Amino acid sequence: MLKGNRLKSGAILVVAAPLLLAACASQDDVRRAQATADQALAAAQQANQTAQAAMQKADQAAADAAAASAKADRMFQQSLRK
């Protein structure tokens with residue numbers, strides 16, 4: 001029974017502690033956190049754009065490679081007929 005009460009007390013502390021600490025954040029802390037989040041979002045959006053451009057280049061390279069492979073196959077088949 002005592003162990004169960006300790007677990008409940010610990011759970012309440014784990015939930016209550018962040019709430020108490022959050023209440024202590026100043027407006028400057030919140031502004032800094034928002035600015036950091038905004039910077040992270042901007043960096044993530046830039047990374048996403050870069051990744052999309054890389055994907056387009058990779059898709060084009062794959063298409064070019066497939067075309068070159070098909071051409072090489074045709075040339076090889078023609079050389080067998082001669």
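Here, each number is a calculation from the coordinates, and none is a lab measurement. All of these numbers come straight from a predicted model, not from anything done at the bench. Note that each Cβ is placed from the backbone with ideal geometry, even for glycine, and that neighbours are counted across all protein chains shown.
List of remarks:
- Rounded FRET efficiency, nearest 0.05, which uses the C-beta distance separating Ala62 from Leu41 and R0 of 25 Å: 0.20
- Prolate/oblate/rounded label for the range 38-82 (Cα gyration tensor, a/c 1.5): prolate
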